[in-house]
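The structure appears below as structure tokens.
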Amino acid sequence: MTPARLVASGLGSGFLPRAPGTWGSLAALAAGALLLACSPWALPLGVAAATVAGLWAIPRAGGEADPGWVVIDEVAGMWLTMTPLQHPRPLELAAAFVLFRALDIAKPGPIGWVDRQKGAVGVMGDDLVAGAAGAVIVWALFG
């Protein structure tokens, strides 16, 4: 497996059977909870790193425009949704997960518009907009 495919697939979580976006989001949820436990800055830095890594890896990974196994965008979006959580409890983590997946799947308003853009920017962008919307809702509920 090439480094680009490893990054784009969320360290392989995108290759799990059925619903790779959900698997990638679950892997990101677990990793994000660990990052939150390390430092308040770890998760925002992780969002930035995942975004840059995705913009690098997606065009180099091959496949169609947005293959299902590419889940680095879910990682960045899930982590962005989690950023308002300081010391998350299981209910808050579950709510962040459900909110992000609902927004990512339904793609309301600007999320859908960004999703229709071409290339790595469109692939990463819709999940980042979904993550930002999810973060606002998480902050309103638990902030």
(request) Among the residues of the range 32-68, write down those that are under 14 Å from residue 120 (Cα atoms) and either in contact with a Lys or Arg (Cβ under 9 Å, 6 or more places away or on another chain) or among the polar types (S, T, N, Q) (or both). (result) 51, 57, 60, 61, 62, 63, 65
(message) So, residue 140, is that one surrounded by fewer than 17 Cβ atoms within 10 Å (Cβ to Cβ), free of Cβ contacts under 8 Å to residues at least 12 places away in the same chain and more than 21 Å from residue 19 (Cβ to Cβ) or not?
(response) yes
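Taking the condition surrounded by 14 or more Cβ atoms within 10 Å (Cβ to Cβ) and under 25 Å from residue 6 (Cβ atoms), does residue 100 pass?
The answer is yes for residue 100.
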(request) Could you list, in sequence order, all residues of the range 8-53 that are touching a residue at least 60 places away in the same chain (Cβ under 8 Å) and among the basic types (Lys, Arg)? (result) none
(request) State whether the residues of the range 119-131 include one that is more than 21 Å from residue 7 (Cα to Cα) and surrounded by fewer than 17 Cβ atoms within 10 Å (Cβ to Cβ). (result) no
(message) For the range 58-76, check the following and say yes or no: at least one residue is part of a helix (DSSP H, G or I), among the small types (Gly, Ala, Ser) and within 20 Å of residue 119 (Cβ to Cβ).
(response) yes
(request) For residues that are more than 14 Å from residue 25 (Cα to Cα) and either within 14 Å of the chain's Cα centre (by Cα) or surrounded by fewer than 18 Cβ atoms within 10 Å (Cβ to Cβ) (or both), tally how many sit in the range 59-88. (result) 11
(request) Answer with yes or no whether residue 49 is of a type outside the set (Phe, Trp, Tyr) and either at pLDDT 95 or above or surrounded by 13 or more Cβ atoms within 10 Å (Cβ to Cβ) (or both). (result) yes
(request) Could you list, in sequence order, all residues of the range 1-32 that are crowded, with 17+ Cβ neighbours inside 10 Å and either in a loop (DSSP other than H, G, I, E, B) or among the aromatic types (Phe, Trp, Tyr) (or both)? (result) 9, 10, 16, 23
(request) Look through 91, 43, 35 and report the one residue that is in a helix (DSSP H, G or I) and loosely packed, with under 13 Cβ neighbours inside 10 Å. (result) 91
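The values are calculated or read from the model by the stated rules, or taken from the named source; none is laboratory data. This structure is a prediction, so every number in the text was calculated from the model and none was measured. Here Cβ is always computed from backbone atoms with ideal geometry, including for glycine, and neighbour counts include all displayed protein chains.
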